[in-house]
Amino acid sequence: MAFAGRSNVGKSSAINRITGQKSLARTSKTPGRTQQIIFFSLTDYQRLVDLPGYGFAKAPLTVKQQWQRQVEYYLQHRQSLQGLMLLIDSRHPLMESDWQMLHWCQTVNMPVHILLTKADKFSYGKGQAILQQVRQRLTAFSVAVSVQLFSATKTIGIDTARQRLTQWLTFSDHDSSKS
Ligand code: GDP
């Protein structure tokens with residue numbers, strides 16, 4: 001399964017918290033610095049994939065186009081990919097580039113689980129309101145999309161995210177027909 005999201009959304013922090021590793025993914029304060037697809041092997045059959053962050057305003061057009069080609073190709077051609085964990089900043093939900101990711105997933109019928117990150121920035125009530133709004137805006141999507149609040153720093157939603165990850169990885173373990 002793969003992790004994707006805009007630069008600085010908190011993707012590295014989330015990967016480290018969900019896997020219980022302190023520095024599996026590099027956390028960085030420089031948006032758009034990591035432009036590679038990084039694979040982490042958990043077992044011989046189970047891999048986490050860290051897709052390069054997107055939506056970085058200052059990057060040159062050629063870098064953005066290269067990102068687009070690379071990630072679109074990856075999503076379309078990785079037969080073994082069970083699902084995408086899409087990280088979206090709860091303070092700026094569903095920006096244009098997030099919709100683009102969702103549309104690619106819909107095109108290839110890829111299940112998506114959205115983590116609304118940095119949920120610690122809000123009160124419980126405000127967080128729930130954001131969650132409902134995002135769910136409503138996603139009802140038109142035909143692909144399976146689930147959404148939850150998440151915070152790597154204040155431990156919100158870690159167990160739920162882990163359950164989804166385990167579900168996808170366990171399924172892939174049993175599905176030997178896929179490569
Ligand atoms: P990435 O670029 O998406 O991999 O994001 P990072 O994990 O490197 O985090 C980007 C910035 O957001 C850093 O300054 C983190 O400390 C901060 N951050 C990450 N997760 C959280 C969170 O759950 N809550 C808050 N308040 N800040 C976070």
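Read-outs throughout are calculated quantities, based only on the coordinates presented, and are distinct from any laboratory measurement. From a predicted model like this one, the values you see are computed outputs, not experimental measurements. Here the Cβ positions follow ideal geometry from the backbone for every residue, glycine too, while neighbour counts run over all protein chains shown.
Tabulated results
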item: Two-site label geometry, Ala144 and Gln79: point separation in nm, points 7 Å out along Cα→Cβ; result: 2.1 nm
item: When each of Lys64/Lys154; Lys58/Lys154; Lys11/Lys121; Lys22/Lys118 is checked by Cα-Cα distance, pairs over 23 Å; result: Lys64/Lys154; Lys58/Lys154
item: Extreme residue, positive dipole direction of the chain, given options Ala4, Leu42, Val143 (C-beta unit charges); result: Ala4
item: Solution diffusion estimate, µm²/s, Stokes-Einstein, the stretch 2-178, Kirkwood Rh from C-alpha pairs, 20 °C, viscosity 1.002 mPa s; result: 130 µm²/s
item: Karplus (6.51, -1.76, 1.60) ³J(HN,Hα), θ = phi - 60°, over the stretch 105-112, in Hz, Gly and Pro reported as x; result: 5, 5, 4, 9, 6, 9, x, 10
item: Label zone at Gln136 (point 7 Å along Cα-to-Cβ), backbone N below 18 Å, the stretch 87-113; result: 90-95
item: Helical mean residue ellipticity (222 nm; -39500 (n - 2.57) per DSSP H run of 4+; nearest 500) of the chain; result: -12500 deg cm²/dmol
